[in-house]
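Report on the structure given below.
The values are calculated or read from the model by the stated rules, or taken from the named source; none is laboratory data. Bear in mind that the values here come from a model prediction, so they are computed numbers and not experimental data. Cβ sites come from the backbone with ideal geometry, for glycine too, and all protein chains shown count toward neighbours.
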Amino acid sequence: MIDLDRVSRSFGTRDGTLAALRDIDLRIAENQFVAVIGRSGCGKSTLLRLMAGLLAPTGGTVTIDGTPVHEPRRDVVLMHQLPALLPWRTVLGNVMLPVEIRRLPRAEYRARAVELLDAVGLAGFHQRHPYELSGGMQQRVALCRALIQRPRVLLMDEPFSALDALTREELAAQLQEMHMSAPATTVFVTHSIPEAVLLADRVVVLSARPGRVRRVLDVGIPRPRSFGHNAHVADVAGCVAELHDLLLRD
Amino acid sequence: MRAVPPIAGAVGTVALWWAATVVFGIRPIFLPAPPDIVAAFRAQPGYLLRETGATLGETVAGFGVAVAAGLLVAVLLTAWRAVERAILPVLVALNSVPKVALAPLLVVWLGFGARPKIVLVVLICVFPIVVATMAGLTSTPAELGELSRSLSASGWQTYVKIRLPWALPQVFTGLKVAVSLAVIGAVVAEISNPSGGLGGVIVLSGMSLDTPLAFAAITLLAVLSTVLFYLVVALERLLVPWARAIAG
């Protein structure tokens, strides 16, 4: 579904060019959940922006469904580390923003927005404003806004990293549930190894700058996964340890 | 209970002033006590209110024109980068001219009556509106810009749905500065051309050494200015209730 063929990206800075990514080869199948981990500054966010069509590669090609990506696509959605909500709109109004901008039928999508908000536990908050919500709730609203247009590809840039540990686990569990009930091809950039193991079918480990694919690890643990109380605790721990090793040796 | 400290502060200040005139035996021609000012107002309330109305009319007319022109200029300047770069230096240079110094010239150019006064009000309060609006329109956070790009929003949609509302709190900062300047502009114009308004009252009472009357006019100006300021604040709370929440 998503194909990266020898993709490189460098940036011009005052001290010459800085290579952020070099020769990335990656094939992501339809409805697969891929986590990308690596150290700070290894080009993880750049990788997502290339797939989102917000940045053009300086080398190689990015294709989705066989079409090269030159601009943002309607079926691809990027979710940020910050919720990036509009403070003057209500929760429901924020979720409906993509519908308005893309001029989709409002009545139909309004029902979907309500459904999504209820599913993430924001049933009583449709008419509230973002500043009345906690950080975790704001990020849930951003997740609903990302899902409202039924994207086929969901790109997530450290979406939970600004949240406290407990909220983070809750949201990861919620995302896992949503992916199981309505899967979409997902690329999830994170710093957190346990988060990657909990969520992903495959974990891509990037090397330090310039980012290259160091290793792709298949996570074969059956879903639903969890950190504490299921039969596969040992498998999760083993996977986490392996990734730890890979990252620390870098 | 929240109203107690500001009321106590105001009453205390007036009481201190009154006490000073009594204790030091200051003559009303230098510093009138509060009762002298009240007496000056009650001697000719119709005249003073009529002149207040004249000043209010000039202030509101000039402020209204400045708001319309200021918003329009800021929107045009931020729409095209080249236009901004061409016109901004001219605006900065114009802004550094002390507009008050133009008051006598405006009389030469536009004659007596209300027109030169309204023009001075516009000149003095249009710049803060332009500068604040431009600052607001160019301060859209990067993540919101990326959001609208990733949704393939048109330039117009981005402007109307994101940039303009985001700029509103800063627009109001400019409006609050401008509304106080508008009253100052009207009074300066009236003082240089004392044919009417509270500025005219102050000039005429100075000639006849009627200090209590001048103070009555100044008090009315202060009331006028305060009321206009809080009207803008009320409008701000009505239109951008979220601004205080995200600023805090």
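Observations
- Given (1) more than 11 Å from chain B (Cβ to nearest Cβ); (2) crowded, with 19+ Cβ neighbours inside 10 Å, number of the condition residue A:134 does not satisfy: (2)
- Evaluated against (1) farther than 20 Å from residue A:77 by Cβ; (2) without any contact (Cβ under 8 Å) to a residue 60 or more places away in the chain, residue B:126 falls short on exactly one condition, (2).
- Residue match in the stretch A:135-155 (condition: polar (S, T, N, Q), closer than 26 Å to residue B:245 by Cβ and in the same structural domain as residue A:104 (by TED's automatic domain parsing)): yes
- Only one of the listed residues (A:119, A:123, A:142) is more than 9 Å from chain B (Cβ to nearest Cβ) and surrounded by fewer than 18 Cβ atoms within 10 Å (Cβ to Cβ). That residue is A:123.
- Filtered residues of the stretch A:210-234 (kept if modelled with pLDDT of 75 or more and either among the aliphatic types (A, V, I, L, M) or not in a loop (DSSP other than H, G, I, E, B) (or both)): A:211, A:213, A:214, A:215, A:216, A:217, A:218, A:219, A:221
- Filtering the stretch A:70-108 to residues that are under 18 Å from the mean Cα position of the chain (by Cα) and more than 10 Å from every other protein chain (Cβ to nearest Cβ) leaves A:75, A:95.
- Test: residue in the stretch B:19-28 that is over 28 Å from the mean Cα position of the chain (by Cα) and in contact (Cβ under 8 Å) with a residue 24 or more places away in the chain: yes
- Flag if residue A:93 is at pLDDT below 90 and outside any loop (DSSP other than H, G, I, E, B): no
- Considering A:24, A:64, A:37, the condition of being farther than 11 Å from residue A:211 by Cα and either buried (at least 18 other Cβ atoms within 10 Å of the Cβ) or basic (Lys, Arg) (or both) is satisfied by A:64 alone.
- Hits in the stretch B:98-127 - residues which are of a type in the set (Val, Ile, Thr) and over 19 Å from residue B:179 (Cα atoms): B:107, B:108
- Some residue of the stretch B:28-44 being part of a helix (DSSP H, G or I), basic (Lys, Arg) and surrounded by fewer than 16 Cβ atoms within 10 Å (Cβ to Cβ): yes
- For residue B:6, the criteria (1) part of a helix (DSSP H, G or I); (2) at pLDDT 90 or above hold in every case but one, which is (2).
- Qualifying residue in the stretch B:200-220 (condition: in contact (Cβ under 8 Å) with a residue 40 or more places away in the chain and farther than 30 Å from residue B:30 by Cβ): no
- Residues that are surrounded by 21 or more Cβ atoms within 10 Å (Cβ to Cβ) and outside any helix (DSSP H, G or I) within the stretch B:140-176 comprise B:151, B:153, listed in sequence order.
- Selected residue (criterion: nearest to residue B:63 (Cα to Cα)) from residues of the stretch B:192-234 that are of a type in the set (Val, Ile, Thr) and touching a helix residue (DSSP H, G or I) at 6+ places or on another chain (Cβ under 8 Å): B:232
- For the stretch B:136-150, a residue qualifies if it is at the interface with another protein chain (Cβ under 10 Å from one of its Cβ atoms) and either more than 33 Å from the chain's Cα centre (by Cα) or small (Gly, Ala, Ser) (or both), and the qualifying residues are B:142, B:143, B:145, B:146, B:147, B:148, B:149, B:150.
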